[in-house]
């Protein structure tokens with residue numbers, strides 16, 4: 001039977017920081033990293049606001065270094081997805097690849113995933129010009145025109161990155177102003193390669209074998225128009241990766257895990273950190289900070305359980 005002191009589900013900044021702290025505390029730790037390990041930073045190019053890197057660092061490089069650090073302190077890794085969990089009894093059960101792993105404590109750090117527009121054409125052309133990751137696919141649009149959907153930091157970051165390759169980037173936003181941070185807005189609004197379509201939404205993505213354009217509707221006038229492009233990058237937000245936890249821990253109306261007291265979930269011994277419950281900040285550094293806190297809370301919990309066991313009356 002594979003039994004651990006702590007199982008960490010997720011391998012973004014929160015999960016890996018928790019693994020570093022748990023490993024240094026010499027508790028038996030398993031990180032279920034997922035088939036697509038590393039979290040959202042694996043889809044990010046330059047990270048400029050993570051302390052300690054004056055010239056910035058590539059997202060995948062940062063995650064690779066964090067994982068190596070966790071491994072150096074003894075954390076084990078499974079690069080597979082969790083199929084199901086059972087938090088109704090102790091030790092907790094985490095099913096990965098048909099094998100059940102047992103743990104005294106569990107840390108959930110599964111993060112969130114990109115939202116899509118929900119168009120049939122979007123699904124049909126995904127990978128054929130439709131993407132949610134400029135870092136992954138921007139290179140393929142050298143000398144071409146692309147569209148970015150959204151108005152927050154993610155959309156503006158995608159648009160700015162794409163200007164390295166595309167001849168023109170059209171940002172389509174349903175409102176009349178951006179929601180992105182002021183510094184990101186200034187960068188985008190002053191970039192000659194970026195133009196904006198305000199108060200507009202995409203009705204359809206055009207093309208049979210690859211993206212040829214989008215049909216856009218103005219939400220105020222109802223007027224429709226065609227924007228010719230070779231690629232569509234969707235950057236309209238995220239949804240928490242909590243599908244497997246729905247009946248196990250309390251979630252809010254949007255599906256985020258509720259943490260009533262710091263990092264604690266509704267189940268004693270199950271903890272949470274990162275974007276899977278933080279829908280406000282969504283920063284690598286806040287996730288890493290929560291990874292530190294959640295590990296310390298889990299370690300304190302393990303010590304409490306040990307003391308309870310030692311002081312229990314002998315039969």
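What the table below lists for this structure:
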quantity	calculated
Check on residue 150, modelled with pLDDT of 95 or more, at positive phi and surrounded by fewer than 19 Cβ atoms within 10 Å (Cβ to Cβ)	no
Members of the range 142-174 found to be over 24 Å from residue 48 (Cα atoms) and touching a helix residue (DSSP H, G or I) at 6+ places or on another chain (Cβ under 7 Å), listed by number	146
Qualifying residue in the range 158-173 (condition: modelled with pLDDT under 95 and buried (at least 22 other Cβ atoms within 10 Å of the Cβ))	yes
Condition met for residue 36 (surrounded by fewer than 22 Cβ atoms within 10 Å (Cβ to Cβ) and under 28 Å from residue 299 (Cα atoms))	yes
Selection status of residue 69, assigned by TED's automatic domain parsing to the domain that holds residue 99, surrounded by fewer than 23 Cβ atoms within 10 Å (Cβ to Cβ), modelled with pLDDT under 95 and in a helix (DSSP H, G or I)	no
Residue list for the range 125-145, filter: without any contact (Cβ under 8 Å) to a residue 60 or more places away in the chain and not in a helix (DSSP H, G or I)	126, 127, 142, 143
Flag if residue 226 is within 27 Å of the chain's Cα centre (by Cα), modelled with pLDDT of 95 or more and on the phi < 0 side of the Ramachandran plot	no
Tally, over the range 253-283, of residues that are touching a strand residue (DSSP E or B) at 6+ places or on another chain (Cβ under 9 Å) and either exposed (fewer than 13 other Cβ atoms within 10 Å of the Cβ) or within 21 Å of residue 91 (Cβ to Cβ) (or both)	12
Yes/no for residue 121 being in contact with a helix residue (DSSP H, G or I) (Cβ under 7 Å, 6 or more places away or on another chain) and surrounded by fewer than 21 Cβ atoms within 10 Å (Cβ to Cβ)	no
Residue 52 being assigned by TED's automatic domain parsing to the domain that holds residue 258, without any contact (Cβ under 8 Å) to a residue 60 or more places away in the chain and either part of a loop (DSSP other than H, G, I, E, B) or out of contact with any strand residue (DSSP E or B) (no Cβ under 8 Å at 6 or more places or on another chain) (or both)	yes
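The values are calculated or read from the model by the stated rules, or taken from the named source; none is laboratory data. Computed from a predicted structure; not experimentally measured. In this analysis, Cβ positions are derived from the backbone assuming ideal geometry, glycine residues included, and neighbour counts consider all displayed protein chains.
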